[in-house]
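What follows is a single structure, written as structure tokens, with notes after it.
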């Protein structure tokens with residue numbers, strides 16, 4: 001696809017927006033057409049940092065300000081948050097009594113800590129999580145022995161509709177991640193459902209969750225315990241309103257469209273590009 005666009009179709013476009021990360025760079029660095037490149041993963045990997053530094057003319061878009069931190073000296077033009085249509089998740093003012101862990105059984109997500117917190121605080125915890133082949137050993141050694149407890153309900157991997165139901169009926173999302181999360185879609189999915197987010201202070205979490213308004217941003221075990229016991233002070237309406245104010249798909253699209261025109265204006269002023277906008281999105 002990259003070869004087709006950059007080598008066979010390049011004269012048809014004024015701008016290319018790629019989500020294919022480092023695979024885009026060898027093509028984009030040689031192209032006369034500007035490339036906006038949205039990075040979706042973590043950037044604190046030494047070889048990755050070198051490659052990004054090599055391609056300085058790309059218009060890099062981050063999905064959180066936290067994602068930018070490892071690589072500072074590149075042409076980072078804007079942070080644009082992800083978004084969903086408002087109908088993707090159902091707002092619920094009256095949830096059940098359970099807390100929810102939703103994600104993957106992987107070491108950096110720290111699902112075992114969510115389980116131990118639930119047992120320590122005597123709260124019911126539903127776990128909806130998939131097991132990737134690379135995480136199978138971790139699951140068998142660290143997670144499976146913890147699941148046999150009356151407060152823990154492992155429902156397995158779920159589809160979109162099941163996820164909607166679990167999120168809207170949860171008292172809170174217990175998100176015990178312990179890695180520099182570039183964004184974390186599950187957090188805005190939870191907010192869209194009116195469900196507060198309890199999360200560790202790392203990566204993008206402090207940008208997505210407003211402490212003590214749409215959830216709790218925790219630094220240690222005691223913070224998590226206090227958050228679990230105090231979650232009732234969070235307005236579910238405020239969670240939904242924050243989602244609608246910051247994380248709608250229309251907002252994301254508008255921000256990208258504005259960026260395209262800013263890039264084209266910059267190119268036009270420098271004499272590199274002109275004409276009406278034509279976009280190819282990878």
One computes Rg over Rh for the stretch 1-97 from alpha-carbon atoms, with the Kirkwood Rh, and obtains 1.12
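Going by a ≥ b ≥ c, the root eigenvalues of the Cα gyration tensor, does the stretch 215-267 fall in the rounded group (a/c under 1.5), the prolate group (a/b larger than b/c) or the oblate group? Before the final figure, lay out each step's value.
Details: a/c = 7.37, a/b = 2.50, b/c = 2.94.
Oblate, since a/c reaches 1.5 and b/c is not below a/b.
When a/c is below 1.5 the answer is rounded, else prolate if a/b is larger than b/c, else oblate, so apply that to the stretch 158-282 with a ≥ b ≥ c taken from the square roots of the Cα gyration tensor eigenvalues.
Values: a/c = 2.85, a/b = 2.22, b/c = 1.28.
In terms of gyration-tensor shape, prolate.
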In the list [x] 21.1, 68; [y] 23.6, 78; [z] 24.9, 72, the entry giving Rg and Dmax of the Cα atoms in Å computed from the coordinates is [x]
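Please work out the Kirkwood hydrodynamic radius for the stretch 86-245, using every pair of different C-alpha atoms, and report it in angstroms with one decimal place.
Working: mean 1/r = 0.0650 Å⁻¹.
This gives a value of 15.4 Å.
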Classified through the alpha carbon gyration tensor (a ≥ b ≥ c as square roots of its eigenvalues; rounded if a/c is under 1.5, else prolate when a/b is larger than b/c, else oblate), the stretch 103-171 comes out oblate
Helix-only [θ] at 222 nm, the chain, -39500 (n - 2.57) per DSSP H run of 4+, per residue, nearest 500, equals -9500 deg cm²/dmol
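So how do 18, 87, 106 line up by other beta-carbon neighbours within 10 Å, fewest first? Mind dumping the intermediate values first?
Numbers: 18 23, 87 7, 106 19.
If I rank by nearby Cβ atoms, fewest first, I get 87, 106, 18.
Read-outs throughout are calculated quantities, based only on the coordinates presented, and are distinct from any laboratory measurement. Because the structure is a prediction, the values reported are computed rather than measured. Glycine also receives a Cβ, built like all others from the backbone with ideal geometry; neighbour counts cover every protein chain displayed.
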